[in-house]
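Asks: Mind looking over this structure? Questions follow.
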Amino acid sequence: MNWPKIARYTTSKFYSALLDLLPIIVVILVFQFIILQKPLPNYQDLILGSLLVWVGLVLFMEGLEWALFPLGNSMAFALTNKGNVFLILLFAFTLGFSTTIAEPALIAVSKEAARVSSVAGFIGAEEAALDSFARGLRVSVAASVGFAILIGVLRIFKGWPLQYIIISGYAAVVGLTFIAPEEIIGIAYDTGGVATSTITVPLVTALGVGLASSIKGRNPLTDGFGLIAIAVMMPMIFVMIYGLIVL
Amino acid sequence: MGVFDFSVNFFEVLWTTLLDVTPVVSLFAIFQYLILRRPLEDFRKVLAGLVMVIIGLTFFLIGLEKALFPLGEMMAVQLSEQEFMTRFGVNLDSWTAFYWVYIFAACIGFATTIAEPSLIAVAIKANSASGGTISTWGLRIVVAIGVALALTLGTIRIVIGIPLYIFIIIGYIIVMIQTIFAPKSIIALAYDSGGVTTSTVTVPIVAALGIGLASVVPGRNPAIDGFGLIAFASLFPIIAVLAYAQLLLFVQSLKTKKT
């Protein structure tokens, strides 16, 4: 083991993570001491918490390069080498579906949605009705993210321009906002963010860029990005349609 | 209090992180080994990296939840209290009375976006995919400026009380117009930058800001207004990145004209 080299490497990683966190620290200190002119409450928690954030960010960033990027990348190359379109689309759909269905934020949002709809009298107040509404919502959001990744991957293969997909998608969002039941609109917009967890984003980005680099005639920058954008848009459309059908 | 509290929370957060990671990693494993039959090149390194990702994210989330979020929330409320605002002798009936809130919103929006791990990941990939033309820090700063603008405008909206959908629809119209004129290579990245700001760090602090402010301003609904800020925060980075790309193109065309 080359200890001095490892020590230098580790120090540089901690230093760069500190730079990432510096703005938050500065903003909080300046506002608390200079503008609000109040002492820091339970500063022990604050110091311990900040150290955890710092160490956590260093570990996460290192793990990103060791695991998440290589996983996404090698999958992209393996899939294009196999060349089986059905398999690629199956993978894309399952990827979107499986990362979304267990998402804690989505579980919380769908329970809240069931409660709101029940209070508004759209569905029954009994447990079974609430559960089936919440489950239906969760499945439709997960299916929409799966469908979004599928469309996004298909786009990379075919080289379709992203802007047409996005513009027609948001036109649908705006149109549906006018006809969907009012109670579902806020929920629909909220579900847009569920597909962007800190684990999913690096994996999906690496997959997209990997696919675009291994397919002839595709540019990693122009064609590799865009999966996240479609995955944010699609749940809004699906949830409003779900609201139109169920409510 | 103290150490015990942190340890209980550790296992809770670790469990949620594991729930987040397990389905996607199992899917990759099944495809890689059973269907594609292509083992990973460096299995042990990937495994070690996964452990680091899980432990790192757990630490990161606990630290934010225990230390930074409560403080940020408290500050948002303190800044919009009458006692604080009258110290500067401003007219409370005017929307400008809340100017410290707007400044705080801009600063905290910028700062949390710089620390957003998913944005760092996207910026690293954008740097390598563009062959180094797009700098990692450059992209992050542009997106952070977008979020800062979004939160300033979003908090002003909460105080004035203009309906959210007007802003959102106008925002998307601006995005569509920009899309037509922006360099084609940047469009996908710009749209993706909007999505990543709805991730781990930004959402809790932004929601807290919206809810805190809405509970102080009379006649606002905390549930609706807290959400509105997040919608702003995912729209403005798109506008910022597209505008930045256009600016670069414009500066370049000026330079070529001169020579």
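Asks: Can you find, within region A:107-126, the residue that is surrounded by the most Cβ atoms within 10 Å (Cβ to Cβ) among those that are more than 11 Å from every other protein chain (Cβ to nearest Cβ) and of a type in the set (A, V, I, L, M)?
Replies: Across region A:107-126, the extreme among qualifying residues is A:113.
Asks: A further question follows. Applying the selection to region B:53-71, what residues are at the interface with another protein chain (Cβ under 7 Å from one of its Cβ atoms) and over 30 Å from residue A:69 (Cβ atoms)?
Replies: Result: B:71, single match.
Asks: For region A:89-97, state whether one or more residues are surrounded by 20 or more Cβ atoms within 10 Å (Cβ to Cβ) and at the interface with another protein chain (Cβ under 7 Å from one of its Cβ atoms).
Replies: Looking through region A:89-97, at least one residue is surrounded by 20 or more Cβ atoms within 10 Å (Cβ to Cβ) and at the interface with another protein chain (Cβ under 7 Å from one of its Cβ atoms).
Asks: Residue check, residue A:116 against (1) out of contact with any Asp or Glu (no Cβ under 7 Å at 6 or more places or on another chain); (2) part of a helix (DSSP H, G or I), all met but one. Which one?
Replies: (1)
Asks: Next question, about the same structure. Out of (1) in contact (Cβ under 8 Å) with a residue 12 or more places away in the chain; (2) outside the structural domain of residue A:27 (by TED's automatic domain parsing), what's the single condition that is false for residue A:87?
Replies: If we test residue A:87 against (1) in contact (Cβ under 8 Å) with a residue 12 or more places away in the chain; (2) outside the structural domain of residue A:27 (by TED's automatic domain parsing), just (1) comes out false.
Asks: Name the helices (runs of 4 or more DSSP H) wholly within region A:159-234 that hold at least 1 residues that are within 23 Å of residue A:112 (Cβ to Cβ)?
Replies: Passing ranges, in order: A:162-179, A:182-191, A:200-214.
Asks: Any residue in region B:125-133 that is assigned by TED's automatic domain parsing to the domain that holds residue B:236, crowded, with 16+ Cβ neighbours inside 10 Å, within 25 Å of residue B:69 (Cα to Cα) and touching a residue at least 40 places away in the same chain (Cβ under 8 Å)?
Replies: No, the conditions are met nowhere in region B:125-133.
Asks: A further question on this structure: Among A:104, A:39, which is the only one that is more than 9 Å from every other protein chain (Cβ to nearest Cβ), without any contact (Cβ under 8 Å) to a residue 60 or more places away in the chain and over 17 Å from residue A:207 (Cβ atoms)?
Replies: After applying the criteria, what remains is A:39.
Asks: Do we find a residue being surrounded by fewer than 18 Cβ atoms within 10 Å (Cβ to Cβ), out of contact with any strand residue (DSSP E or B) (no Cβ under 7 Å at 6 or more places or on another chain), closer than 30 Å to residue B:70 by Cα and not assigned by TED's automatic domain parsing to the domain that holds residue A:200 anywhere in region A:49-57?
Replies: Scanning region A:49-57 turns up at least one residue that is surrounded by fewer than 18 Cβ atoms within 10 Å (Cβ to Cβ), out of contact with any strand residue (DSSP E or B) (no Cβ under 7 Å at 6 or more places or on another chain), closer than 30 Å to residue B:70 by Cα and not assigned by TED's automatic domain parsing to the domain that holds residue A:200.
Asks: In region A:168-214, what residues are facing chain B (nearest Cβ under 8 Å), buried (at least 24 other Cβ atoms within 10 Å of the Cβ) and more than 16 Å from the chain's Cα centre (by Cα)?
Replies: A:209, A:212
Asks: Any idea which of (1) at pLDDT 85 or above; (2) surrounded by 20 or more Cβ atoms within 10 Å (Cβ to Cβ) is the one residue B:199 doesn't satisfy?
Replies: Every condition holds for residue B:199 apart from (1).
The values are calculated or read from the model by the stated rules, or taken from the named source; none is laboratory data. None of the values given here were measured: they were computed from a predicted structure. Cβ atoms come from the backbone with ideal geometry, glycine included; neighbour counts cover every protein chain shown.
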